[in-house]
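Enquirer: The structure that follows is given in the form of structure tokens.
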Number of protein chains: 2
Amino acid sequence: MLPKLKIMKKNFVAINYINCKPDYQARFEELFSTRAHAIDKMPGFQHMNVLKPQQPGEPYLIISFWDNEDAFKTWTQSPAFIEGHKRGFEDIKRAKDEGKEPPMSSTFKVYNVIGN
Amino acid sequence: MLPKLKIMKKNFVAINYINCKPDYQARFEELFSTRAHAIDKMPGFQHMNVLKPQQPGEPYLIISFWDNEDAFKTWTQSPAFIEGHKRGFEDIKRAKDEGKEPPMSSTFKVYNVIGN
């Protein structure tokens, strides 16, 4: 397949909607700016975007583009997924151990690309 | 600037969250599959994706990538914006004239890209 066609082929999208407490936002952004890039090497992964909302109180969006849904599911069940979320998971666990509310919460929603 | 760098430069994103009544979804998808592509010629426009949610009741997402926020704002105030939304606006007006609820509603949210 030609590289150009590969770029145009966007069939499946997963969006992780992440609500961050205001005092955790700087840490959250640091986690992404220093991410391990393990996801980048997953089969079927195309690219991703980290979006910061301009409106306060709205969630951050982590949008990932995949060749198909199976490639995304394989990633969520892989050691790379655990490794990629390790520091965030640790922050959540620490808050829990200290009897505090979690600094962030996330929800995955999945989509089919029907137009470009 | 090299074309490759141009592709990587994703600074600003606008997402139009569109709630569609179930009996309007086929029409809504038809509007996008036959869109005028007027937005594609706007200065600063990079590309867009039309996402259909797999979960029922979730909004469709129209994600557009721009060089900067000004380019997006210029588009929303342009004749191309009115032209591009004409058929959808007509459907909404027709429902109103017939005393029915609008078949869809939309909300724009805007974001800065902080990571790829």
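The values are calculated or read from the model by the stated rules, or taken from the named source; none is laboratory data. Fair warning: this is a prediction, and the values are worked out from it, not measured in the lab. Quick reminder, even Gly has a Cβ in these numbers, built from the backbone with ideal geometry, and neighbours come from all protein chains shown. Heavy atoms of the whole protein, side chains included, go into the accessibility calculation; ligands, DNA and RNA do not. Shrake-Rupley method; radii C 1.70, N 1.55, O 1.52, S 1.80 Å.
Enquirer: Can you pull the one-decimal nm distance between simple spin-label points at B:I82 and B:R27, each 7 Å off the Cα toward Cβ?
Expert: 2.3 nm
Enquirer: Could you tell me how many degrees, from 0 to 90 and to the nearest 10, lie between the Cα long axis of helix B:86-97 and the main elongation axis, the longest principal axis, of the Cα atoms of chain B?
Expert: On a 0 to 90 degree scale, this one is about 30.
Enquirer: Next question, about the same structure. If the label for B:I114 sits 7 angstrom from Cα along the Cα-to-Cβ line, what are its distances to the same label in every other copy, in nm to one decimal, shortest first?
Expert: Its label point is 3.2 nm from the equivalent points in the other copies.
Enquirer: Something else: From the Cα gyration tensor of the range B:48-115, with a ≥ b ≥ c the square roots of its eigenvalues, which class applies: rounded if a/c is under 1.5, or else prolate if a/b is larger than b/c, or else oblate?
Expert: oblate
Enquirer: Placing the label point 7 Å from Cα along the Cα-to-Cβ direction, what are the distances from A:D67 to the equivalent spots in the other copies, shortest first, in nm to one decimal?
Expert: The projected label point of A:D67 is separated from its counterparts by 3.4 nm.
Enquirer: Another question about this same structure. Suppose you put the label 7 Å out from Cα in the Cβ direction; list, shortest first and in nm with one decimal, how far A:P56 is from each other copy's label.
Expert: 3.9
Enquirer: Here's another thing I want to ask about it. Please label the shape of the range B:9-53 as rounded, prolate or oblate, based on the square roots a ≥ b ≥ c of the eigenvalues of the alpha-carbon gyration tensor (a/c under 1.5 means rounded; beyond that, a/b larger than b/c means prolate, else oblate).
Expert: Working: a/c = 3.30, a/b = 1.73, b/c = 1.90.
Since a/c reaches 1.5 but b/c is at least a/b, the shape of the range B:9-53 is classed as oblate.
Enquirer: May I ask you to list the trypsin sites (Lys or Arg not before Pro) in the range A:30-116 that are in a DSSP loop and have at most 11 other Cβ atoms within 10 Å of their Cβ? Before the final figure, lay out each step's value.
Expert: Numbers: sites: A:R35, A:K41, A:K73, A:K86, A:R87, A:K93, A:R94, A:K96, A:K100, A:K109; in loops: A:R35, A:K100.
Here the trypsin sites (Lys or Arg not before Pro) that fit, given the DSSP loop and packing criteria, are A:K100.
Enquirer: Distance in nm between label sites at B:T34 and B:A95, each 7 Å beyond Cα in the beta-carbon direction?
Expert: Label at B:T34, label at B:A95, 1.9 nm between them.
Enquirer: To the nearest Å, what is the center-to-center distance of the range B:64-79 and the range A:54-116, using C-alpha atoms only?
Expert: Going from one Cα centre to the other spans 29 Å.
Enquirer: Using only the alpha-carbon atoms of the range B:77-116, report the extent along each of the three principal axes, biggest first, to the nearest angstrom.
Expert: Largest first, the range B:77-116 extends 46, 23, 14 Å along its Cα principal axes.
Enquirer: Would you compute, from DSSP H runs of 4+ residues alone, the mean residue ellipticity of chain B at 222 nm, taking -39500 (n - 2.57) per run and dividing by the full residue count, rounded to the nearest 500?
Expert: Numbers: 5 runs with 41 residues, N = 116.
Dividing the helical sum by the residues of chain B leaves -9500 deg cm²/dmol.
Enquirer: Can you give me the solvent accessible area of B:D70 with a 1.4 Å probe, rounded to the nearest 10 Å²?
Expert: Approximately 110 Å² for this residue.
Enquirer: Using a simple spin-label model with points 7 Å from Cα along the Cα→Cβ vector, what separation in nm is obtained for B:N11 and A:D70?
Expert: Each label point lies 7 Å from its Cα, and together they span 4.1 nm.
Enquirer: Please give the FRET efficiency for A:F108 paired with A:Q55, using the beta carbon to beta carbon distance and R0 = 25 Å, rounded to the nearest 0.05. Walk me through the intermediate numbers first.
Expert: Values: r = 21 Å, r/R0 = 0.86.
Calculated value: 0.70.
Enquirer: Stokes-Einstein D for chain B at 10 °C, 1.306 mPa s, Kirkwood Rh over Cα pairs, in µm²/s?
Expert: Values: Rh = 15.5 Å.
The diffusion coefficient I find is 103 µm²/s.
Enquirer: Got the relative contact order for chain B handy, in percent, Cα pairs under 8 Å and 6 or more residues apart?
Expert: On the way: 159 pairs, mean separation 47.0, N = 116.
Result for chain B is 41 percent.
Enquirer: From Cα coordinates alone, what are the radius of gyration and Dmax values for the protein assembly as shown in angstrom?
Expert: For the protein assembly as shown, the Cα-based Rg and Dmax read 19.1, 58 Å.
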